[in-house]
Amino acid sequence: MRWLAILALIPISAFAFQGKAPAQKPTFEKSVAPFIKKYCVSCHAGPYAPDGVDYSKIKSVADANKERALLNKGVKYINNKKMPPKTALQPKPAEVKAFSDWVAKGKD
């Protein structure tokens, strides 16, 4: 009976020692839309958005794919620490990476 208990622990211990789960591929819904909402649209929305840069019009994957140039410009500014402004809430490195990775590769 004791050997059954030991055998039952083997699969559990195998998972425990695998380390972190692999990172999930960024998606528009989980990485891009929340990033834009949290860090961009408070300033960059509507007809009076600075330099006409309006992220509020990106509401879906299709919109994001149409606005790829705008998103690439945003990635460039974020990576160069020009956006968000220093006085604004700053994204975490993992958020920036997921956003940048999706813009570079993802088309959900």
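The values are calculated or read from the model by the stated rules, or taken from the named source; none is laboratory data. In this text, all values refer to a predicted model and were calculated from it rather than measured experimentally. All Cβ positions, even for glycine, are placed from backbone atoms using ideal geometry, and neighbour counts span all protein chains on display.
Considering only residues that are in contact with a His (Cβ under 6 Å, 6 or more places away or on another chain) and of a type in the set (V, I, T), which ones fall in the range 44-86? Correct list: V53 only. Filtering P34, P11, P26 for residues that are surrounded by 10 or more Cβ atoms within 10 Å (Cβ to Cβ) and at pLDDT below 95 leaves a single hit, P26.
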